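Chemist: What follows is a single structure, and I will ask about it in a moment.
Values quoted throughout were computed directly from the atomic coordinates according to the rules given, and no laboratory measurement underlies them. It should be emphasised that the depicted structure is a prediction, and the values quoted were computed from it without experimental measurement. As a convention, Cβ positions derive from the backbone with ideal geometry for all residues, glycine included, and neighbour counts pool all protein chains shown.
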Amino acid sequence: MRSESETNRVVEQYSDIIRHICLYHLKDAADTEDVFQTVFLKYLLYDGVFESREHEKAWFIRVAINTCKDHMKSRFRHSTLSLEELAEEAASIPPEQHEVLDAVLSLPARYKDVIYLHYYEGYSAAEIGRILDQKENTVYSLLSRGRALLRKALGGDL
């Protein structure tokens with residue numbers, strides 16, 4: 001079990017990225033909070049030792065993505081959203097980004113993950129490969145195909 005100070009450090013250090021990943025995948029604030037807590041609970045129960053801070057960060061990202069996917073598959077998950085919640089979420093996004101965000105969110109998960117990590121979190125292809133346990137060239141291919149899908153969906157250049 002992890003110490004309180006160590007847990008506080010990782011919550012402070014990784015809470016923003018975990019919350020962004022969860023919102024990005026789940027598109028729901030309540031589900032995001034549930035998965036957010038689950039990710040840090042998994043950290044508390046994890047007995048492994050991290051080689052470096054980068055390894056630790058990659059572990060958090062991988063666990064967050066996998067936990068989001070598990071949550072989406074859950075048979076208890078309902079896919080309804082009240083009109084008030086929908087209006088609140090839409091209002092928080094600048095109008096000029098709605099079309100791009102809709103296009104990114106409509107991508108298949110394999111492209112959505114690499115696009116998000118590259119453009120929103122600023123990771124290189126090599127770093128994304130380590131995080132997602134894929135070869136660097138595979139990441140380049142996914143980025144290229146994802147950009148082509150976005151270009152087609154948005155009708156222009158990126």
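Chemist: How about K69: which lysines have a C-alpha closer than 19 Å to its C-alpha, ignoring those fewer than 8 places off in the same chain?
Modeler: K27, K42, K57, K112
Chemist: Another question, if that's okay. What is the sum of charges, Lys and Arg at +1 and Asp and Glu at -1, for the other residues whose Cβ falls under 10 Å from the Cβ of L105?
Modeler: Charge balance near L105 sits at +1.
Chemist: Would you mind checking which residues have amide H under 5 Å from D28's amide H? H placed 1.01 Å from N; only 5 or more apart, or other chain.
Modeler: Under 5 Å from the amide H of D28 lies no amide H from a residue far enough along the sequence or on another chain.
Chemist: Tally Lys/Arg at +1 and Asp/Glu at -1 over every other residue whose Cβ is under 14 Å from the Cβ of G122; what's the total?
Modeler: Summing Lys and Arg as +1 and Asp and Glu as -1 gives -3.
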